[in-house]
Amino acid sequence: MVKSFSVENLPWWQLPLPTTEELRLSGGLYVEDWPHARHVTHLSKRLFEATQPLHELDEHALRLLERGAFLHNTGMMIEARRHHKHSYRLIRETKLPDFSDEERHEIACIARYHRRALPSNSHEEFTSLSRRARKRVSILAAFVRIADALDYSHDGRVLDITSVPEQCDDQTWTLSLKTRPLADLDAELEHAYDKADLFEKVFKHKLQLVVQDNS
């Protein structure tokens, strides 16, 4: 007898609907794929930790990253093609618990730059930030760009990210990817390297990704 599918059998990170706490933290904003939002948040945090010697940011920056990563795709509820810009607007207009208006602006910019154009002084939303905030947003958006690419298939095939200290130097930063067994990472790697542009710009390091041997 085939066992019927039930969301009750899923772990929390795969639940298709937001929890009450997630809706509180998002200010009521929705995203089109909650498991993807959770996984991009997880991978963004792991990137933050794996590159700590490069950015030297604090826990406050990590909190901004978590919320920006979680809400990066909220604009998909309006339109796919320009969803990054819609995400910016929606976050800017929504009160988020635990964050000031200035912090919410940074979170909105992190979501804004998770795809397409890089932060630019020709963008009013970016230049209105302080110099310190512009640097922080650029770093954190770089993480979300890569994390989003590493979940390109929206199925969580990249499980973890760690640095490889012996392969990190003044020119290259190497990250090791732990994956699900037999996972095909061709699309994820292609998109991650494409979206490593901001990472390489802000850190002045070439990104190198290696896949752990799961055999």
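No value in this document is a laboratory result; all are computed from the given coordinates. Because the structure is a prediction, the values reported are computed rather than measured. Note: ideal-geometry Cβ built from the backbone for every residue, glycine included; neighbour counts use all protein chains shown.
Which members of the stretch 165-187 meet the condition of being under 20 Å from Asn214 (Cβ atoms) and either among the aromatic types (Phe, Trp, Tyr) or touching a Lys or Arg at 6+ places or on another chain (Cβ under 6 Å) (or both)?
As a first pass, look at the stretch 165-187 and keep what is under 20 Å from Asn214 (Cβ atoms): 167, 174-187.
Of everything in the stretch 165-187, those that are under 20 Å from Asn214 (Cβ atoms) and either among the aromatic types (Phe, Trp, Tyr) or touching a Lys or Arg at 6+ places or on another chain (Cβ under 6 Å) (or both) turn out to be Thr179, Arg180, Ala183.
Do we have Ser44 as buried (at least 24 other Cβ atoms within 10 Å of the Cβ), over 10 Å from the mean Cα position of the chain (by Cα) and not β-branched (Val, Ile, Thr) here?
On the way: buried (at least 24 other Cβ atoms within 10 Å of the Cβ): yes; over 10 Å from the mean Cα position of the chain (by Cα): no; not β-branched (Val, Ile, Thr): yes.
Considered against the rule, which asks whether it is buried (at least 24 other Cβ atoms within 10 Å of the Cβ), over 10 Å from the mean Cα position of the chain (by Cα) and not β-branched (Val, Ile, Thr), Ser44 comes out as no.
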message = Tell me whether the stretch 192-202 contains one or more residues that are outside any helix (DSSP H, G or I) and under 24 Å from Leu54 (Cβ atoms).
response = yes
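Restricting attention to the stretch 170-189, and to residues there that are of a type in the set (Asp, Glu) and under 16 Å from Gly156 (Cα atoms), which single residue is surrounded by the most Cβ atoms within 10 Å (Cβ to Cβ)?
Residues of the stretch 170-189 that are of a type in the set (Asp, Glu), as a first pass: 170, 184, 186, 188.
Within this subset, residues satisfying the condition of being under 16 Å from Gly156 (Cα atoms) are 184, 186, 188.
On the way: Asp184: 11, Asp186: 8, Glu188: 21.
Top of the filtered list is Glu188.
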note = Note on the stretch 168-210: residues among the acidic types (Asp, Glu) and under 14 Å from Phe143 (Cα atoms) are Asp194, Asp197, Glu200
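Looking only at residues that are in a loop (DSSP other than H, G, I, E, B) and aliphatic (A, V, I, L, M) in the stretch 14-60, which one is farthest from Val210 (Cα to Cα)? Steps first, answer last, please.
Filtering the stretch 14-60 down to residues in a loop (DSSP other than H, G, I, E, B) leaves 15-19, 26-33, 51, 56-58.
Narrowing the set further to residues that are aliphatic (A, V, I, L, M) leaves 15, 17, 29, 31, 57.
Working: Leu15: 30, Leu17: 33, Leu29: 35, Val31: 30, Leu57: 25 Å.
This residue is Leu29.
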query = Taking Ala61, is it surrounded by fewer than 20 Cβ atoms within 10 Å (Cβ to Cβ), small (Gly, Ala, Ser) and either farther than 27 Å from Trp173 by Cβ or out of contact with any strand residue (DSSP E or B) (no Cβ under 8 Å at 6 or more places or on another chain) (or both)?
reply = yes
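Tell me the residue from His36, His84 that is surrounded by 14 or more Cβ atoms within 10 Å (Cβ to Cβ) and in contact (Cβ under 8 Å) with a residue 60 or more places away in the chain, please.
Values: His84 fails: in contact (Cβ under 8 Å) with a residue 60 or more places away in the chain.
Just one listed residue meets the conditions, His36.
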ask   = Only one residue in Ile146, Ile139 is under 13 Å from His191 (Cβ atoms) and β-branched (Val, Ile, Thr), so which one is that?
value = Ile146
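Among the residues of the stretch 11-40, what is the count of those that are β-branched (Val, Ile, Thr) and touching a strand residue (DSSP E or B) at 6+ places or on another chain (Cβ under 9 Å)?
Our first condition is that a residue be β-branched (Val, Ile, Thr); within the stretch 11-40, this holds for 19-20, 31, 40.
Now restrict to residues that are touching a strand residue (DSSP E or B) at 6+ places or on another chain (Cβ under 9 Å): none.
Here the count works out to 0.
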